[in-house]
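Everything below concerns the one structure shown next.
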Amino acid sequence: MIDYANDDEEDDYISRSHFKREAEAMQALGERLITLRKEQLDQLDLSEKLYDSILLAQRLTANGAIRRQRQFIGKLMRTEILEPIEAKLAEWDRGSKAEIARLHRLERWRDRLISDDKMLNTWLQEYPDTDVQRMRSLIRNAQKESELKKPPKSSRELFKLMREITDHESLR
């Protein structure tokens with residue numbers, strides 16, 4: 001005979017391994033918080049006890065103490081509302097990935113400008129406020145440095161100029 005009264009109890013059952021996975025996820029999130037700068041931690045809505053524990057973990061140097069502090073932070077994470085914290089971390093991740101992609105595009109631009117003289121016209125069409133004389137000078141110097149196998153000082157300056165120009169254009 002089937003006992004239907006026990007079916008409700010089985011539906012509420014959550015395995016111990018599920019709780020362990022949740023605890024490990026909270027500890028991993030806590031470890032991620034330990035890597036943040038103080039300014040970033042200030043932007044998160046953390047309890048005072050968790051905030052202080054994270055700052056303490058950042059100062060610790062002994063491996064055992066760090067491990068215990070991480071576990072304690074994981075325990076404190078159980079009482080936190082995690083959604084806003086995770087959302088802010090995801091927002092920062094998206095922003096940093098976009099910035100990295102932008103810098104990679106600028107590196108490709110710089111390499112094309114140095115290798116192909118005609119690319120300057122394409123650059124000027126896209127960014128008309130460019131100081132053409134300074135740009136040409138940096139490109140020429142970067143080409144010479146490349147030929148002579150010297151350190152890429154002008155190439156770095158060119159990249160810096162390009163970053164300033166694109167930052168200025170994005171503010172418009």
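None of the figures in this text is laboratory data; all of them are computed from the coordinates on show. This structure is a prediction, so every number in the text was calculated from the model and none was measured. Virtual Cβ from ideal backbone geometry, glycine too; neighbours counted across all protein chains shown.
If you filter segment 91-140 for trypsin sites (Lys or Arg not before Pro), then keep DSSP loop positions with at most 13 other Cβ within 10 Å, what is left?
Those that pass, being in a loop and sparsely packed, are LYS118.
Determine the dipole magnitude for the chain: charges of +1 sit on the beta-carbon of Lys and Arg, -1 on that of Asp and Glu, nothing else is charged, the reference point is the Cα centre, and the result goes in debye to the nearest 20.
Dipole of the chain, to the nearest 20 debye: 1820 debye.
What is the extension gain from GLN43 to THR122, computed as 0.36 nm multiplied by their sequence separation minus the C-alpha to C-alpha distance, in nm to one decimal?
So the extension gain works out to 24.3 nm.
Would you calculate the separation in nanometres between label points at LYS160 and ALA23, each defined as 7 Å from the Cα along the Cα-to-beta-carbon direction?
5.2 nm
With the cut-off at 29 Å, tell me which of the pairs LYS118/LYS153; LYS38/LYS75; LYS118/LYS150; LYS97/LYS144; LYS20/LYS97; LYS49/LYS97 have Cα atoms farther apart than that.
Violating the 29 Å limit, Cα to Cα: LYS97/LYS144; LYS20/LYS97; LYS49/LYS97.
Which percent of Cα-Cα pairs in the chain sits in each 5 Å bin, short to long?
Reading upward from the zero bin: 1, 7, 12, 12, 9, 7, 7, 8, 9, 9, 8, 4, 2, 2, 1, 1, 1, 0, 0.
Quick one: Cα convex hull volume of segment 88-171, Å³ per residue?
95 Å³
Read phi for every residue in segment 105-113 and hand back ³J(HN,Hα) as whole Hz from Karplus 6.51 cos²θ - 1.76 cosθ + 1.60, θ = phi - 60°, with x for Gly and Pro.
Once rounded to whole Hz, the list reads 4, 5, 4, 5, 4, 4, 4, 5, 5.
Specify which residue in the list TRP123, SER155, ILE165 is farthest towards the positive end of the charge dipole of segment 95-170, using unit charges on the beta carbon of Lys, Arg (+1) and Asp, Glu (-1), about the Cα centre.
SER155
Please identify the trypsin sites (Lys or Arg not before Pro) of segment 10-54 that satisfy two criteria: DSSP loop assignment and at most 16 other Cβ atoms within 10 Å. Which are they?
Passing sites in segment 10-54 are ARG37.
Could you tally the net charge around GLU86, taking each other residue with its Cβ under 13 Å from the Cβ of GLU86, Lys/Arg +1 and Asp/Glu -1?
My count for the surroundings of GLU86 gives -2.
Please give the calculated 222 nm ellipticity per residue for the chain, where each DSSP H segment of at least 4 residues contributes -39500 (n - 2.57) and the sum is spread over every residue; nearest 500 deg cm²/dmol?
Helix-only estimate at 222 nm: -25000 deg cm²/dmol.
Once you list every other residue whose beta carbon is under 14 Å from the beta carbon of GLU145, what net charge do they have if Lys and Arg are +1 and Asp and Glu are -1?
+4
Under 25 °C and 0.890 mPa s, how fast does segment 13-80 diffuse according to Stokes-Einstein, given a Kirkwood radius computed over C-alpha pairs? Answer in µm²/s, whole number.
Once the numbers are plugged in, D ends up at 198 µm²/s.
For every other residue with a beta carbon closer than 11 angstrom to the beta carbon of GLN71, add +1 if it is Lys or Arg and -1 if Asp or Glu, then tell me the sum.
That works out to +2.
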